[in-house]
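The values are calculated or read from the model by the stated rules, or taken from the named source; none is laboratory data. All values reported here derive from a predicted model rather than from experimental measurement. Heads up, the Cβs are rebuilt from the backbone with ideal geometry, glycines too, and the neighbour counts pull from every protein chain shown.
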Amino acid sequence: MPKIKSIYLDNAATSHPKPESVYLAVIEALRAGGSPGRGSHQLTMVAERLVFATREALAELFNVDHSECFIFTPNGTTAINQALFGLLRSGDRVVTTMVEHNAVVRPLRELQKRGVEVVKVAADPVTGIVPSSLLQAACLRKPTRLLLVNHCSNVIGSLQPITGLGRWCHNHNILFMLDGAQTAGSLPINLQALNVDLFAAPGHKGLLGPQGTGFLYIRKGVDLLPLIYGGTGVNSSSDSQPQLLPERLESGTLNLPGLAGLYEALRFILKADIVQVRAREVALVRKILSGLGMMKSVKLYGSDDVMLRGNAISFNLANYDPSSVGFALDQQQQISVRVGLHCSPDAHRTIGTYPLGTVRVSPGYFTTDEEIDRFLRAMQKLNDNKLMN
Ligand SMILES: Cc1ncc(COP(=O)(O)O)c(C=O)c1O
C-alpha cells in the first residue's frame, strides 16, 4: 500500500498510528505460525498462551474477574450482532437510543422483522445526550428484555451518563448492553461496577489494536446462542457446539496476528494508564472545540462541556457541504477527516444534519498539539474563504 503522509484526525473510524510494538507483534505472530486451540504442538501452545494473555489484559483493563467472559470477534459490528441475534427472540422488547450506529440499527431492524419490538429514545438535539430518566420510562412502559446504549456517539461525541443505569436495569430484570466502540481504550470503564451485561467494542479504535479485532464481553449467567457454529478445538467428538465460554461463541480460526497486536496495544494502554489517556483526549478535544468555536462560519454540534464528550467532534462550515470541506482539507492540506453520515443517520436526524451530514474530526492518543494547530490554521483559512477554489 502506498504511504500517504497526512495529519490523521479520523481516529473515531480507526486509530492511527498504532504503538510501534503493535506493528512488530503482528509481523512476529504471522512469522511464528501456530493456531490457538488447534492441536497440542509447541507452536499451538505458544499461540494459545498469547490469546489467553490478551483475554487477561482485557479483563484487567475493564475490571472483570473472569477473562473467559471476553470472546474475540473481527470487529465491533460482529460483537454487536453476536449479542443481539444471540439474545433476542420474537416477542422480546429492546429499548435503545436515537444516536446508535448502523452496527446496532441494522441488526435491530432485521430483528424487528422477526418479531422483536424496538423502541428508540430521542436524544437532546443540542448535546446528543439521552437522559437516563427517559430510558427508564421507556423501559417501564412494557416488559423489556434489553436496554442498549451507545456509550459515546461517533457523530455528536455525546458521552451517555450511564452511571447507575446498569444497577437500575438489574433491579428491574432488564439486561444492560453498551456499545463501547467509541469509549473502549479512551476512558476508564469498570464493567462490573457499572453492572454491564454485554459490552461490544472494536480492538482497532481507542484500544489501538489492528483492524480485524474486536470483542464481546458477556457477564456470567447471560446465555447467548452462537452466531457462528463450527470447530473450536475442544470437544471435537461432539456434533454440538460447546457449552462453555469462550469456545461456545468463538468458532473458526482466530486472527492470531491481530490478537498479538491487540495484546501489545492493551499492554501499551495499561502502562500509559487509562486515566492519563482520557486526560490527553480531553485536552485535545478542548483545544479543537475552543479553536473552532472562535470561527464565525463554523457551527459545532454537541455539548460545550468537554467532560460530556468523547473524541468525535462534528461541525459544518456555512455555505459549504461537508464533503467539499473534507476534500479541501485532504487535497490542499493533507489533513484526514471524515465527512457525511458516519454510518449513523439517526444521530444526524437528532442534530438536524441529515442527509448531508457533518465534517467529523477525531484526534487520537498520538495526535500532537502541533497537528491540531495546523488543522485549526487550515480551518481558519476555510472560514475566511481562502482555501476553496
Ligand atoms: C458507535 C459505533 N458502534 C459500532 C461501530 C462498529 O465498529 P466496527 O467498525 O469495528 O465494526 C462503530 C464504528 O465506527 C461505532 O462508531
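Remarks
- Residue in the range 45-58 that is in contact with an Asp or Glu (Cβ under 8 Å, 6 or more places away or on another chain), touching a residue at least 60 places away in the same chain (Cβ under 8 Å) and either assigned by TED's automatic domain parsing to the domain that holds Ala265 or of a type in the set (D, E, K, R) (or both) present: yes
- Residue within the range 209-216 that is closer than 26 Å to Thr353 by Cα and surrounded by 24 or more Cβ atoms within 10 Å (Cβ to Cβ) present: no
- Search result, residues across the range 24-42 that are more than 22 Å from Arg267 (Cβ to Cβ) and outside any loop (DSSP other than H, G, I, E, B): Gln42
- Selection of helices (runs of 4 or more DSSP H) fully inside the range 65-169 by the criterion of at least 2 residues being under 23 Å from Pro188 (Cβ atoms) and either assigned by TED's automatic domain parsing to the domain that holds Arg278 or more than 12 Å from the ligand (Cβ to nearest atom) (or both) returns 132-140.
- Residues being in contact with a helix residue (DSSP H, G or I) (Cβ under 8 Å, 6 or more places away or on another chain), touching a residue at least 40 places away in the same chain (Cβ under 8 Å) and of a type in the set (Lys, Arg) - total across the range 271-296: 2
- Each residue in the range 183-233 was checked for being in a loop (DSSP other than H, G, I, E, B) and under 20 Å from Pro19 (Cα atoms), and 17 pass.
- Boolean, Leu194 is within 16 Å of the ligand (Cβ to nearest atom), at pLDDT 95 or above and farther than 22 Å from Ser15 by Cβ: no
- Just one of the listed residues (Thr213, Thr163) is touching a strand residue (DSSP E or B) at 6+ places or on another chain (Cβ under 9 Å) and not charged (D, E, K, R), namely Thr213.
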